[in-house]
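One structure is given here, and the rest of the page talks about it.
The values are calculated or read from the model by the stated rules, or taken from the named source; none is laboratory data. All values derive from a computational prediction rather than experimental measurement. For accessibility, only protein heavy atoms count, side chains too; no ligands or nucleic acids. Shrake-Rupley method; radii C 1.70, N 1.55, O 1.52, S 1.80 Å.
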Amino acid sequence: MLPRYKTIQSPVGQLILVARETKLAAILWENERHNRVRLGPLEEDIHHPVLKKTEHQLIEYFAGQRSRFELELDFVGTDFQVRVWQALLTIPFGETRSYRDIAIQIGQPTAVRAVGAANGRNPISIIAPCHRVIGTSGSLTGFAGGLAAKQFLLSLEGQQTLQLAF
């Protein structure tokens with residue numbers, strides 16, 4: 001069975017929600033970089049229960065009514081990537097961590113750059129909050145949705161003092 005998708009509008013632009021069976025597999029950005037997330041062929045299904053649930057929770061999040069998502073996730077990647085993505089889920093709403101913090105958390109303190117690369121390939125943006133990962137200096141660094149979207153998400157969560165890094 002092909003993964004199902006649904007397109008929604010959000011304050012950070014158009015998002016494509018993707019489900020495999022009964023789990024959320026991806027949230028893709030409007031101007032998604034080719035092959036950042038490899039999913040293969042998709043089939044549109046605007047009534048898929050997981051996609052409808054995800055849309056509802058994202059609407060609540062953007063309205064400031066939700067700080068925690070309650071969705072089953074289907075991370076597909078290397079063991080290292082999945083460990084990084086699981087670590088993202090532990091970052092509390094309204095807080096940030098550095099790439100170094102994540103590397104230490106997963107038991108590989110010298111893998112800071114590899115953590116950055118895995119973070120950049122996070123297939124489930126927003127839900128697995130890669131936007132909460134910042135540079136050691138506190139600056140905003142790369143984000144698949146763009147730095148303006150990252151700043152918006154952090155501001156929504158109460159982190160308004162961060163600086164954009166160019």
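Tabulated results
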{"quantity": "Vicinal HN-Hα couplings computed from phi for the range 31-41 (Karplus, 6.51 cos²θ - 1.76 cosθ + 1.60; Hz; Gly/Pro x)", "calculated": "10, 4, 5, 3, 6, 4, 10, 9, 10, x, x"}
{"quantity": "Per residue accessible area of the chain, 1.4 Å probe, in Å²", "calculated": "51"}
{"quantity": "Equivalent ellipsoid, the chain (semi-axes from 5 times Cα gyration tensor eigenvalues, Å)", "calculated": "25, 19, 14"}
{"quantity": "Potential extension, Ser137-Thr7 segment - 0.36 nm per residue separation minus Cα distance", "calculated": "43.3 nm"}
{"quantity": "Stretch gain in nm, segment Glu70-Ser155, where the contour uses 0.36 nm per residue and the Cα spacing is subtracted", "calculated": "28.4 nm"}
{"quantity": "Percentage relative contact order, the range 59-155, counting C-alpha pairs under 8 Å, at least six apart", "calculated": "25"}
{"quantity": "Over the range 13-111, volume per residue of the alpha carbon convex hull, in Å³", "calculated": "130"}
{"quantity": "Portion, in percent, of the accessible area of the chain that falls on carbon or sulfur, probe 1.4 Å", "calculated": "50"}
{"quantity": "Extension gain from Phe80 to His47, taking 0.36 nm per residue of separation minus the Cα-Cα distance", "calculated": "8.5 nm"}
{"quantity": "At 1.002 mPa s and 20 °C, Stokes diffusion of the range 1-54 via Kirkwood alpha-carbon radius, µm² per second", "calculated": "190"}
{"quantity": "Average Cα contact separation per residue, the chain, under 8 Å, 6 or more apart, as relative contact order %", "calculated": "21"}
